[in-house]
Every structure is written in structure tokens, then in C-alpha cells.
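To start, the structure itself, in C-alpha cells.
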Amino acid sequence: MRDETPEDLLLRLRRLGYRGAIVGRNGTGKTTLLEDLEQPLAALGFKVKHLRLDDRTNTFSREFLKRFFAGLTRHDVILFDGAEQMSPLAWHRFKRRSRNAGGLVITSHRLGMLPTVKECATSPELLDEIISELLEDEAVTTREAAVALHQKHNGNLRDALRELYDLYADMEMCMGGKPRAVSCG
């Protein structure tokens, strides 16, 4: 649900003792939600500690984990993106060692690692809404493109939007115009 706020997620986390999972497939917004939690958690007095694993880096060294866990206190909350990369045994150890922290929020592709705080999903309608916002004044019907892109990328909005970006960049080049710079700020 797009109308949810980070505060809604924070309220559910509070009920779970600040231990929970944001679950969903690739490109459904898990990392964005995790990042959106940082400021509200810091405003509550937590010191936020970030961890990330992915397909390229799917383990932590023992030395790193030893240093990481050595200083954890109840004032720390761990935001861990990509927890599903850990083996079941490594995850069990990690979860046990993180008990000293005031919170642990993870992203995962699978249910069951921690209580689910939010299950992320996408739809062609959401993609259409995002495309319409990005194109602003351009009089383009995007519904069919959104449905096709959503289906082609199995609901992964990140990949669908990357493809759309490439398509528009190619169109700009073919029309003889200079590509426009994209501002992220």
C-alpha cells in the first residue's frame, strides 16, 4: 500500500520490540523502506548500524562480526539489507548475537527469518503511477507499457524503470537531441 508511511512501519516495529522483517521479491522496495526507517529510529534515540549482503558479497568475515557485535548496546538498532543471503546456521548465530541490540530490522526475500513487519509487492498500476509522475506533462498513455514492463520483469520495478530509462535515452538520441541529465537531488 503506497499510502503507508515510515511511521506506520515504525509503529508495527515498536509492537514487535523493534525486531522484524521487510519481505518481498527483488525490486519491490524493501531497501527503500529500510532506508526510510533510519531517521525515525534515530529520532527515537537509536544509533543505527547498517549491514548489507547481496549476490556478490554474501558473507561477513568472523573478524568483522566479532568487531561489530562487541560494541552493541540496547541503544543500537541494526538495519540489515539482504539477510536471506546468510546460511541458516549463520543466520541463527547472527540472530542470537544481535540480542544485545535494541533492534534488528532486516530485508529478506523469504518469510520466517523474523516476524514480518511489511510484505512488499508491486503491481502494473503502481508502475503506471510512477511512470506517469516521472513523465509529468508528456501526453503519453503508459498503462499498456506499464503492464508489459511489469510482466517482463516479474514485478521488479527497479529493472522495469531501468529499461524504461534506457528506452527514453535511446529515443532522445534517435531524435537528434542531447540526452538530458537526471537530477537525483
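Across the chain, Cα pairs under 8 Å and at least six residues apart give a relative contact order of 27 percent.
Highest GNM mean-square fluctuation among LYS30, LYS49, LYS152, for the chain modelled with Cα contacts below 10 Å: LYS152. Pick out which of LEU149, LEU134, LEU33 has the largest mean-square fluctuation in a Gaussian network model of the chain, springs linking Cα atoms closer than 10 Å. Top of the fluctuation ranking is LEU134.
What's the FRET efficiency of GLU38 with ALA70 using the Cβ-Cβ distance as r and R₀ = 25 Å, to the nearest 0.05?
On the way: r = 22 Å, r/R0 = 0.89.
Approximately 0.65, to the nearest 0.05.
Calculated from the alpha-carbon coordinates, region 49-90 shows an Rg and a Dmax of 10.8, 31 Å respectively.
Shape summary of the chain, radius of gyration then Dmax from alpha carbon positions: 19.4, 59 Å. Near the amide H of ARG19, within less than 5 Å, lie the amide hydrogens of LEU104, all on another chain or at least 5 residues away, with H placed in the peptide plane.
For the chain, the number of Lys pairs with C-alpha atoms closer than 23 Å, counting only pairs eight or more positions apart or on separate chains, is 13. Exposed loop sites, defined as GluC sites (Glu not before Pro) outside DSSP H, G, I, E and B with at most 16 other Cβ atoms within 10 Å, are absent from the longest region of the chain, namely 5-135.
Considering only THR116, THR31, THR59, the Gaussian network model of the chain with Cα springs below 10 Å gives its largest mean-square fluctuation to THR59. Look at where the Cα atoms of region 23-43 and of region 68-114 average out, and the two centres are 15 Å apart.
Values in this text are rule-based calculations from the coordinates and carry no lab data. What you are looking at is a predicted structure, and each value in this text was computed from that prediction instead of being measured. All Cβ positions, glycine included, derive from the backbone under ideal geometry; neighbour counts span all protein chains shown.
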